[in-house]
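Worksheet: one structure, shown below.
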There are 2 protein chains.
Amino acid sequence: MNGKLRTVHVGLGPIGRKILKAGVSAGICEPVACADIAPEIAGVSIRSVFDEQQLPDVMVCGDLQEALEQADEVGADLAVVCTGSRLEAIEPQLTSVLERGLCCISTCEELIFPWLRAATVADRLDEVAVRNEVALTGAGVNPGFVLDLLPFVLTRVCERTQSVSAGRYVDATRRRQQLQAKIGTGMEPDDFRELASQGKIGHVGLAESAALLADSLGWPWDEFEETIDPVIAEESISSEYFTVAAGQVRGQHQRLTMGKVQLELIMALGEEERDEIRVEGVPPVHAIIHGGIHGDTATSGAVINFMWPLVNAEPGLRTVTEIPLG
Amino acid sequence: MNGKLRTVHVGLGPIGRKILKAGVSAGICEPVACADIAPEIAGVSIRSVFDEQQLPDVMVCGDLQEALEQADEVGADLAVVCTGSRLEAIEPQLTSVLERGLCCISTCEELIFPWLRAATVADRLDEVAVRNEVALTGAGVNPGFVLDLLPFVLTRVCERTQSVSAGRYVDATRRRQQLQAKIGTGMEPDDFRELASQGKIGHVGLAESAALLADSLGWPWDEFEETIDPVIAEESISSEYFTVAAGQVRGQHQRLTMGKVQLELIMALGEEERDEIRVEGVPPVHAIIHGGIHGDTATSGAVINFMWPLVNAEPGLRTVTEIPLG
C-alpha cells in the first residue's frame, strides 16, 4: 500500500469537502493547506469547518497564493482543485499549483478532455506541467468514468470495436437540491426549452466524455450533435425540495452523437437508476450497473483513487485513460 | 492511432492463431516470424496455414531460436507467446524472447499474477526484462479481465472498498470441444470429484485473478481456499460434441475465497451466460455483463489491445492493472 500524500485542497464546496474527508479516511491524503473564497471559513481550521477533531489543524486560506506558500513551507505533493467546470476560468489556479511543483487533480468537467473546448488553455497547461515535471488530470464519475473510462475499458476485450453507446439514468430525488434545480425540476416545458436553447441548462461534460472515449479508441472527435429535452412528469412527483405536477418538468434528457459514439444522460425525479454500456464489436459487450454509481460519492472516490497513479504518471496534462490505474 | 508492431508469434494453437488474425485485421500486428512445434505446419507459410493470401509470407519455424534469429534480422518489437498455462514450463521461451530485446505478451494463465505460484520464476523474468529494457505481461479475458482488471476498475470510484465478489457463468455448449471435455462434461459425479481431488480438473487462473485483484487493492493474497464441484444436469442436455444424461455432470463450479475477494466460475452446458461483479463499498457497485464476454475472442482482443500499451510501459514484469490502457 502507498503511504499518504501531502495534499493541498483548493475549493471546499460540497465535492471539495467530500474529497478531503474521504482522502483522509482512506489514508491517502494528509492535508497541509486549504484555500476557499467563502469568507465564513477563511481563517478557520478545517477541524471546525468539518467538526472533526482528528483532522490536522490546517487553517483555510481565503487566498490561493497564501495556501500555496504554506504548502511550500511544509512540503506538499499534490493539489486538488474543485472550483469550477470551465477550464478557462480556473486556468490561473491550475497554473499556480503546477508552478509550485505540485501534481494537480481537478473535478473541472472540461479538464476530462480539454482539447475539445479549450485546446489553447490545454496546451499551455501541458507545457507548464511538463516544465515543472508534474502531472495534471481531470477526474470524476461523470465525466471521467461511467461514460468514458469504463466504456473504453470494456472495449479492451474486443478484437474490433464498431461503435459504443452508453447511458446514465439518475434519480434526482436522491441528489442535492442544487442538482435538482439545475436540471429544471418543476419548470414548465416551454420555459425549459427556452433555457436549453440559450445553453443555460444541461450537464457540462457529455461532449468531453464522448471525445475522451473517441480519442482513446483512435476515432475523430471534432464534430458532434447534442440535444437537451425536458422529461415531462406523467403524474405528480415530489422530492425533499420540489413538487412537480403532471405536465411539468421532472428533469432533463441529454443526447450526444459523436461519430460512432452515442451518449445519453437522463437526470430526473423518479428515474430508475442505472448505467448502461453497449459495445458493438467482436465480441459485443453489454454491461449494466444496476442502481447506477452514486454521483457525488463516486466523484470523490475517483479523485482520491487517481491521486497516487497521477503522482506516478508521466509529467504533463494527462487523461484518466492514459494513467496506469494500479 | 498507433502504427503496426512487428510481431513474433510463438504458439499457433487455436488462441495463437486467433491473435495473429485479429492483430493483423486490426492493423496492430505485422507478423515477421512464427514458431510452433506442430510438425505439420513447420516450414509452411502462414498464408497456407491460415489460407489467407493477404498475410505476409512468413514461414512457421519448428524451432523458437530459428524464429527469433529471423525476427532479429528483419527487426521486431514484440512477441506473443501462447504455448502453456504454467509459467515454469514456458520460462525458457519467455527468457529467449526478452533476451532478444523484444517485449512479450502471453496468454499463460499463471503470468497474470506470477508471484502467487511461481515467485522465483517471476523474479528471474523481471530481472531479464529490466536488463533488456522491455516489458512482459500476461493478458487474457479470464484470467486477465473479467474477474480481476474489470472489478479493480469498478472499485476506482469507491471512497472505500470493503469486499469484492465476482462471478463468471459460461454456457459451454458455445465453446470449443476441448473446453467442454476439460470441465467434465458427461462424467459421473463421483468420477468428477475424484479427478478434482487429484487436481486434474478445474480452471487455471482463478487464484491468479483473485491475487491480482487483491494486490491491486493493497490487500493480502497469500492465503486462499478453493473448491471445485460438479454441476449436475437435472435433465438431459447435449451439445455438438456431448450428450449428458440427467444426473451426469454438465460442467464445473469453482469457488475461491481470498480474504475480502470472492470469485466464482461456473462453466457448464446450458448455463445462462453472464459476468457479474459486486463491490461492497462506498458507493456500492453492482455490474452485470449480460450474455457474458466471449472467452476465446475476448482473450484475443485483450492480447492485441495490450500490445501497444505494453510496448510503451515501464520495463519489467508488469500486471495488466499497472499498464496505462490508452
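A few notes on this one:
- Filter result (among the small types (Gly, Ala, Ser) and either part of a loop (DSSP other than H, G, I, E, B) or surrounded by fewer than 24 Cβ atoms within 10 Å (Cβ to Cβ) (or both)) within the range A:296-316: A:ALA313, A:GLY316
- Taking the criterion of being free of Cβ contacts under 8 Å to residues at least 24 places away in the same chain and either in contact with a helix residue (DSSP H, G or I) (Cβ under 6 Å, 6 or more places away or on another chain) or assigned to a loop (DSSP other than H, G, I, E, B) (or both), the residues of the range B:182-227 that qualify are B:GLN198, B:GLY199, B:LYS200, B:GLY218, B:ASP222.
- Selection count where residues are farther than 15 Å from B:MET307 by Cα and assigned to a loop (DSSP other than H, G, I, E, B), scope the range B:81-91: 4
- Of the residues A:GLU110, A:GLU99, the single one that is away from chain B (no Cβ under 14 Å) and over 16 Å from the mean Cα position of the chain (by Cα) is A:GLU99.
Yes or no, residue by residue, for (1) touching a Leu at 6+ places or on another chain (Cβ under 7 Å); (2) assigned to a strand (DSSP E or B); (3) at pLDDT below 95:
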site	(1), (2), (3)
B:GLN70	no, no, no
B:GLU73	no, no, no
B:ALA79	yes, yes, no
B:GLN93	yes, no, no
B:GLY101	no, no, no
B:CYS104	yes, yes, no
B:LEU111	yes, no, no
B:LEU116	no, no, no
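- Within the range A:305-313, the presence of a residue that is within 24 Å of B:ILE289 (Cα to Cα) and more than 8 Å from every other protein chain (Cβ to nearest Cβ) is excluded.
- Residue list for the range A:38-51, filter: surrounded by 13 or more Cβ atoms within 10 Å (Cβ to Cβ) and assigned to a loop (DSSP other than H, G, I, E, B): A:ALA38, A:ILE41, A:ALA42, A:VAL44, A:PHE50
- Candidate set: the range A:22-37, residues that are small (Gly, Ala, Ser) and assigned to a loop (DSSP other than H, G, I, E, B); chosen: the one farthest from B:GLY281 (Cα to Cα): A:GLY27
- Here A:LEU154 passes the criteria (1) touching an Asp or Glu at 6+ places or on another chain (Cβ under 7 Å); (2) buried (at least 16 other Cβ atoms within 10 Å of the Cβ); (3) not aromatic (Phe, Trp, Tyr) except the one numbered (1).
- Selected residue (only one of A:GLY140, A:GLY184, A:GLY167 is more than 14 Å from chain B (Cβ to nearest Cβ) and within 23 Å of B:PHE152 (Cα to Cα)): A:GLY167
Conditions tested, residue by residue: (1) at the interface with chain B (Cβ under 9 Å from one of its Cβ atoms); (2) hydrophobic (A, V, I, L, M, F, W, C); (3) touching a residue at least 24 places away in the same chain (Cβ under 8 Å); (4) surrounded by fewer than 18 Cβ atoms within 10 Å (Cβ to Cβ).
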residue: A:ASP229; (1), (2), (3), (4): no, no, yes, yes
residue: A:SER236; (1), (2), (3), (4): no, no, no, yes
residue: A:TYR241; (1), (2), (3), (4): no, no, yes, yes
residue: A:ALA246; (1), (2), (3), (4): no, yes, no, yes
residue: A:VAL249; (1), (2), (3), (4): no, yes, yes, no
residue: A:LEU265; (1), (2), (3), (4): no, yes, yes, no
residue: A:GLU272; (1), (2), (3), (4): no, no, yes, yes
residue: A:ARG278; (1), (2), (3), (4): no, no, yes, no
residue: A:ILE288; (1), (2), (3), (4): yes, yes, no, yes
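- In the range B:164-178, the residues that are in contact with a Ser or Thr (Cβ under 9 Å, 6 or more places away or on another chain) and of a type in the set (A, V, I, L, M, F, W, C): B:VAL164, B:ALA166, B:ALA172
The values are calculated or read from the model by the stated rules, or taken from the named source; none is laboratory data. Predicted, not measured: the structure shown is a model, and the values here were computed from it. Using ideal geometry, Cβ is built from the backbone for each residue, glycine included, and neighbour counts are taken over all protein chains shown.
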